[in-house]
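The values are calculated or read from the model by the stated rules, or taken from the named source; none is laboratory data. Quick caveat: nothing in here was measured; it's all calculated off a predicted structure. Cβ atoms come from the backbone with ideal geometry, glycine included; neighbour counts cover every protein chain shown.
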Amino acid sequence: MKRKWMASLLCALALVFTCTACAGNASDKSASSTASYAVSGDYAAEAGGADWDGGDYATTEEAMDEAGAQIKEITGDTLPQDGRKIIRNTSLTVETTEFDESAALLKQAVTQAGGYIEYSSQYAGGSTRSASYTCRIPAEQYGMFLENVRGAGSVVRTEESTQDATSQYIDLEARLKSLRTQENRLLELMENSGSLEELLAVQDKLSEVQYQIENYTGQMKALENRIDYSTVEIDLEEVETYTPIEPGFGERAAEAFRNMVNGVKNGAQGFVLLLIYVSPLILVAAVALIVVLIVVKRKKRRTPPQMPIPPQDMQQK
């Protein structure tokens, strides 16, 4: 009986510890989820937080859960592999001996690309002039614009950088969608508010949410502008003579290959021309060689062969 009683007590204690641990895990998960949601949605928790005095707390909690699900649906576990949001920034230094003509060509290139000049300045010092342009060019016309810029003078410096803004864009999009969901829920609560205190509380939360919507909307528009329009800064400098541009390894290798091909071609052409020049001499030499061979052969036929002297006759002599 004693053993059975002890076994029952141990089972009861084990059951209590198990329930306590499960409750602790559930509490940690809930706290972690709430913290993560507060970071992703900013004021999502404030729309129905613990200090809410109204009687429609459950409705606001549903809005929070729905907004969190929308954020997870938008962001997902990984970023998209295509259609990325890329910001391009380029800086060029262009030399020219015809300053006015090059400046006109640059402005024409901006107009043809469908862009605009965001900032420009011009400086005249001594006998030379210089100008700086900050151009905003549509992303799809970026490559064509750079080609047109190279036709306006000698490009002696090029710096290009890119920034992947996909994560930032998706984050702003998710925040805006969450805040708009909260705004709709708060507008519904305003219609169903029973007392003046509840109405003022909802209006206060609604003002905060709408302020956040305006803030993130401005950030989204600014980011979209940087993505859709690449920034190209051009420094135009007037010079008397162009600065020699040292070619890179690829250009030097290509130039060496072209020189080798041209050398082989020129050598082959020179050899053919030499053969044409000396062909008469070769023909005369060939005819003379044939004549000599014929004469030598006939001479050998006419000369009688000499009989060898026996050894005995040589001794008598």
TODO: State yes or no: is T243 closer than 20 Å to G83 by Cα, in contact with a strand residue (DSSP E or B) (Cβ under 9 Å, 6 or more places away or on another chain), in contact (Cβ under 8 Å) with a residue 40 or more places away in the chain and loosely packed, with under 15 Cβ neighbours inside 10 Å?
DONE: no
Open item on the list: Pull out all pairs, ordered by first then second residue, where Cβ-Cβ is under 7 Å, the residues are six or more apart or on different chains, the first lies in the range 165-187 and is outside any helix (DSSP H, G or I), and the second is buried (at least 16 other Cβ atoms within 10 Å of the Cβ).
Closed with: A165/K85; A165/I87; A165/L223; A165/I227
TODO: Go over the candidates G194, G218 one by one and state the one that is in a helix (DSSP H, G or I) and among the small types (G, A, S).
DONE: G218
TODO: Scan the range 234-254 for residues that are modelled with pLDDT under 85, aliphatic (A, V, I, L, M) and assigned to a loop (DSSP other than H, G, I, E, B) and jot them down.
DONE: I245
Open item on the list: Step by step: first the residues of the range 145-156, then only those that are out of contact with any helix residue (DSSP H, G or I) (no Cβ under 8 Å at 6 or more places or on another chain) and surrounded by 13 or more Cβ atoms within 10 Å (Cβ to Cβ), then the one that is nearest to L223 (Cα to Cα). Which residue is that?
Closed with: L146
Task: the range 200-215 - residue that is buried (at least 18 other Cβ atoms within 10 Å of the Cβ) and not hydrophobic (A, V, I, L, M, F, W, C) and, of those, nearest to the chain's Cα centre (by Cα) - done: Q212
Task: Condition check for E101: touching a Gly at 6+ places or on another chain (Cβ under 8 Å) and closer than 16 Å to R150 by Cα - done: no
Task: Failed item, numbered, when T231 is tested on (1) within 26 Å of the chain's Cα centre (by Cα); (2) farther than 29 Å from V156 by Cβ - done: (2)
